[in-house]
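Only one structure is covered here, and it is reproduced in the block below.
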Amino acid sequence: MTDTLVAFDDVLASYDPALGLEVHVELNTNTKMFCGCPAVFGGEPNTQVCPTCLGLPGAMPVVNAKAIESAIRIGLALNCEIAEWCRFARKNYFYPDMPKNFQTSQYDEPIAFDGWMDVEVDGETFRVEIERAHMEEDTGKSLHVGGSTGRIHGADHSLVDYNRAGIPLIEIVTKPIQGAGEKAPAVARAYVSQLRDLIVALGVSEARMDQGNLRADVNLSLAPKGSGVLGTRTETKNVNSFRSVERAVRYEMQRHAGILDEGGSILQETRHWHEDTGITTSGREKSDAEDYRYFPEPDLVPVAPSREWVEQLRGTLPENPTQKRARLQADWGYTDLEMRDVIASGSIGLIEETVAAGATPQAARKWWLSELGRRANDAGVDITDLGVTPAQVAAVQALVDGGTLNDKLARQVFDGLLAGEGTPEEIVAARGLAIVSDDGALSAAVDNAIAANPDVADKIRDGKVAAAGALIGEVMKEMRGQADAGRVRELILEKLT
Ligand SMILES: [Zn+2]
């Protein structure tokens, strides 16, 4: 069954979208949330486990103080109130990758609540209100073997790895975001992207979407235009790139409108995002009254952070993102339009690191926005996941500045970097990309160009120096773009004037 999609512009003529985003952030603490097992990524399955995170009877959890500290810092950075007293709660449900048969989470007493974050889209600021940020633990991971889709349906058997069970998570939930209109998909993307920048600046998580450190669930509903009410929402789970967040919102807007236009009603459900086809499919039905039988966790003491500690942690926060963007724009000398493009591309942090590695702001912007931005787009990945590092970009630019490469040859070095051929210097050597500035080789090529273009040479002899450009072009062609253009020009003028 295929969904009927309404053209995006037509959706907006009849409906107002409302967004909601739930982002899970996996903290980078050394140990798990309630036990001393290492919380590192990878490892042989079921080697980073103990009676507590396996949920064995009688095992007692203890809260990880570092995780509480990270949760409070995230809450403060999102302008939240920090609870003076809060408890963990058991969220009861059965799932094979959750050995306790409940997840230790927070319910009506989150550690942080009532915050906001300003996100910038096309030079316009949208205030996203944060309902809550609460602490919980991750589940283990199931692997369904034998089916074609990797889902349990059609699988021969399933394996489960509990290494991830008990890793600390912070779930950040927005209030409904209304009024974004046609910019709703871009606002969703900008929110997740800027939230990631904030998490990275706080140093509390690796925040890699491609490794699942940061996972976004996207809620969307449509309401009749101008009604001001909230429609029935769907929740698209585990969307794992900024680009996919934007696409999933757009798709759900078009799909909801297709159902509503035909007089149908939206089923409140979770949906799966399919990266390859760019569509969502039905997951499980979900109602507001879904009963997890939450109750306060009796094995853990309440968390009551002192105001002194909270204020001390406030002092450790990184620069406010809005002020930081303004400062960087001034430092880098970018126009408003240039800065807008940088923010939209999600490359502000990459440019910052490239400049720190020695490139000029202009060079850093040029590579990330034009060359690498295009390649990320072609590959369908976020620019942060492309696989080229800021240090490599700065190294390539240093080779351009030093006269070893021109921009055209530098592009071939990026080909080599993406193909994993080594460092920029190694790629230049292996592919023979360096510019030729040796006079012997250049002089011969210049003589050939003069001999092949006697009328152009005559013009230059008559004082029409501008005509040298045509001969430079000939030499470049003969030397496959690897001639030092400045030196070629000098040689032509030496020989003809
Ligand atoms: Zn453990």
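The values are calculated or read from the model by the stated rules, or taken from the named source; none is laboratory data. Quick caveat, the model's predicted, so the values are computed rather than measured. Counting neighbours? That spans all protein chains shown, and the Cβs are built from the backbone with ideal geometry, glycine included.
Beta carbons closer than 7 Å, at least 6 apart along the sequence or on distinct chains, pair a first residue in segment 44-70 that is charged (D, E, K, R) with a second that is within 14 Å of the ligand (Cβ to nearest atom) for K66/T29. Scanning segment 385-413 for residues being in contact (Cβ under 8 Å) with a residue 60 or more places away in the chain and over 16 Å from R431 (Cβ atoms) gives a total of 2. Taken as a whole, the structure leaves R340 outside the set of residues that are more than 30 Å from N79 (Cβ to Cβ), of a type in the set (K, R) and crowded, with 17+ Cβ neighbours inside 10 Å. Can you pull out the residues in segment 112-144 that are charged (D, E, K, R), modelled with pLDDT of 90 or more and either not in a strand (DSSP E or B) or not assigned by TED's automatic domain parsing to the domain that holds F94 (or both)? Passing the criteria: only D138. List pairs: first in segment 27-41 and among the small types (G, A, S), second assigned to a loop (DSSP other than H, G, I, E, B) and more than 9 Å from the ligand (Cβ to nearest atom), Cβ under 8 Å, 6+ apart or cross-chain? Listed by first residue and then by second, the contacts come to A39/L27; A39/N28; A39/T29; A39/N30; A39/I167.
With a requirement of 1 or more residues that are surrounded by fewer than 15 Cβ atoms within 10 Å (Cβ to Cβ), the strands (runs of 3 or more DSSP E) lying completely within segment 145-235 that satisfy it span 157-161, 214-224. For the condition assigned to a strand (DSSP E or B) and touching a strand residue (DSSP E or B) at 6+ places or on another chain (Cβ under 6 Å), G75 does not qualify. Among the residues of segment 298-312, is any touching a strand residue (DSSP E or B) at 6+ places or on another chain (Cβ under 6 Å), surrounded by fewer than 17 Cβ atoms within 10 Å (Cβ to Cβ) and assigned to a strand (DSSP E or B)? Scanning segment 298-312 turns up no residue that is touching a strand residue (DSSP E or B) at 6+ places or on another chain (Cβ under 6 Å), surrounded by fewer than 17 Cβ atoms within 10 Å (Cβ to Cβ) and assigned to a strand (DSSP E or B).
Conditions (1) of a type outside the set (V, I, T); (2) not assigned by TED's automatic domain parsing to the domain that holds K408, marked per residue:
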residue: W309; (1), (2): yes, yes
residue: D331; (1), (2): yes, no
residue: T354; (1), (2): no, no
residue: P361; (1), (2): yes, no
residue: W368; (1), (2): yes, no
residue: G373; (1), (2): yes, no
residue: D382; (1), (2): yes, no
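Selection over segment 110-121 of residues that are touching a residue at least 40 places away in the same chain (Cβ under 8 Å) and either buried (at least 19 other Cβ atoms within 10 Å of the Cβ) or more than 18 Å from D197 (Cα to Cα) (or both) gives a count of 6. The lone criterion from (1) buried (at least 18 other Cβ atoms within 10 Å of the Cβ); (2) assigned by TED's automatic domain parsing to the domain that holds V396 left unmet by E421 is number (1). When we screen L214, L202, L198, L169 for residues that are in contact (Cβ under 8 Å) with a residue 40 or more places away in the chain, within 28 Å of E319 (Cα to Cα) and within 16 Å of the ligand (Cβ to nearest atom), the only hit is L169.
Surrounded by 15 or more Cβ atoms within 10 Å (Cβ to Cβ) and part of a loop (DSSP other than H, G, I, E, B): does that describe V388? Yes; evaluated as a whole, the condition is true for this residue.
Taking segment 51-72, which residues are part of a loop (DSSP other than H, G, I, E, B) and closer than 30 Å to E319 by Cβ?
Within segment 51-72, V63, N64 meet the criteria.
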